[in-house]
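The values are calculated or read from the model by the stated rules, or taken from the named source; none is laboratory data. A quick note: this is a predicted structure, and the numbers were derived from the prediction, not measured. Note that each Cβ is placed from the backbone with ideal geometry, even for glycine, and that neighbours are counted across all protein chains shown.
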Amino acid sequence: MESLRLLAVFAHPDDESMGMGGTLAKYSAEGVETHLVCASRGERGWFGPEEQNPGLSGLGQIRTRELENAVKELGVKSLHFLGYLDGEVDQAPYAEITSRIVSHIRRIQPQVVVTFPPDGNYGHPDHIAIGQFTSAAIVCAADSNYQDAENLPAHRVSKLYYMVDAESFVDLIAPFMGDMSFQVDDQIRGEVPWKDWMVTTRIEMLEYCKTAWRAIQCHQSQLATLGALAEMPEDAAASVLAMQGTFYRAFSLVNGDRRVETDLFEGLR
């Protein structure tokens, strides 16, 4: 059987652990090759006293080390950065960033790709942008007439998933998180829960959630964003994370129908 490969494409360090750490740990432990592409190094994600802010370069270095430690915990095989600045991913030259993602897709040759949904989970412009760029790159990667920077042969992805937050999960964590809204331009944005009937795929990964919690703890600079959740004992935190393995199947070339999947590789095994 051809080896199974999963590629996650996200915007910032911590997206992988806080978003789908249990799922990545599960597939890594089962022998699936898991890979991560990160658009930025999280240079603007400072939540401490402003006088202690290490600046864009300093914080980028801190968060890079945090991410490197987290992916080791999760068993992720490779980590790649696209080299764009936190908070400016949506302004990246579209042809350039698409080509860079195409190169990673063609080199890794994943059957499954996971990225952010069109709402970016809570409206973050970087999340929305990387989801759009990834979708474009999947199309381009399959086109033999499209030439990426490394001139790699075409590769057709079999399944694309959006990492989504189900309403039941959001209802559970909301009391611990406080106000999850923030301003973008002249708009207030916030968490966008997906109705349970909109979820196409649920991954059972409770036994891997302690690993996911340890990966989250690697992102020490970001724990303030979790509110009271950050202070939970490991067992309680793992129980919360176990509700997180929810995805929307944006397209599949290998399976269909409205039955809820329990495996991102359904139709490929």
Report those strands (runs of 3 or more DSSP E) wholly inside the range 165-262 carrying at least 1 residues which are under 30 Å from P110 (Cα atoms) and touching a strand residue (DSSP E or B) at 6+ places or on another chain (Cβ under 9 Å). 246-252
Among the residues of the range 88-106, are any at positive phi and either surrounded by fewer than 24 Cβ atoms within 10 Å (Cβ to Cβ) or outside any strand (DSSP E or B) (or both)? no
Scanning the range 107-137 for residues that are β-branched (V, I, T), assigned to a helix (DSSP H, G or I) and either buried (at least 22 other Cβ atoms within 10 Å of the Cβ) or within 14 Å of the chain's Cα centre (by Cα) (or both) gives I128, I130, T134
Checked S17, S28 against criteria (farther than 21 Å from E266 by Cβ and in contact with a helix residue (DSSP H, G or I) (Cβ under 7 Å, 6 or more places away or on another chain)); the one match is S17
Take the conditions surrounded by 17 or more Cβ atoms within 10 Å (Cβ to Cβ) and over 29 Å from L59 (Cβ atoms) and apply them to S252. Does it pass? yes
Among the residues of the range 59-82, the number that are buried (at least 17 other Cβ atoms within 10 Å of the Cβ) and of a type in the set (D, E) is 2
Name the pairs whose Cβ atoms lie under 6 Å apart, with the first residue in the range 221-240 and closer than 21 Å to N69 by Cβ, the second of a type in the set (D, E, K, R) and not in a helix (DSSP H, G or I), and 6 or more positions between them or separate chains? Q222/D14
Does the range 144-162 include one or more residues that are at pLDDT below 95, farther than 23 Å from R202 by Cβ and of a type in the set (A, V, I, L, M)? yes
Among the residues of the range 44-58, are any surrounded by 21 or more Cβ atoms within 10 Å (Cβ to Cβ) and touching a Lys or Arg at 6+ places or on another chain (Cβ under 7 Å)? yes
May I ask you to verify whether M232 is surrounded by 15 or more Cβ atoms within 10 Å (Cβ to Cβ) and over 30 Å from S135 (Cβ atoms)? yes
With respect to V192, is the statement that it is among the aliphatic types (A, V, I, L, M), at pLDDT below 95 and touching an Asp or Glu at 6+ places or on another chain (Cβ under 9 Å) true? yes
Cross-chain or 6+ apart pairs with Cβ under 8 Å, the range 108-126 first and modelled with pLDDT of 95 or more and of a type in the set (D, E, K, R), then assigned to a loop (DSSP other than H, G, I, E, B) and buried (at least 22 other Cβ atoms within 10 Å of the Cβ): D126/A11; D126/H12; D126/A39; D126/S40
Condition set among the aliphatic types (A, V, I, L, M) and part of a loop (DSSP other than H, G, I, E, B), scope the range 31-79, selection nearest to V9 (Cα to Cα): answer is A39
Is there any pair linking a residue in the range 60-82 that is under 17 Å from A212 (Cα atoms) and free of Cβ contacts under 8 Å to residues at least 24 places away in the same chain to one that is part of a strand (DSSP E or B) and among the basic types (K, R), with Cβ under 8 Å and at least six apart or on different chains, and which? none
Kindly provide the set of residues from the range 83-101 that are farther than 16 Å from D148 by Cα, of a type outside the set (A, V, I, L, M) and free of Cβ contacts under 8 Å to residues at least 60 places away in the same chain, ordered by number. G83, Y84, G87, E88, D90, Q91
Based on what the data block shows, is L85 surrounded by fewer than 24 Cβ atoms within 10 Å (Cβ to Cβ) and part of a loop (DSSP other than H, G, I, E, B)? yes
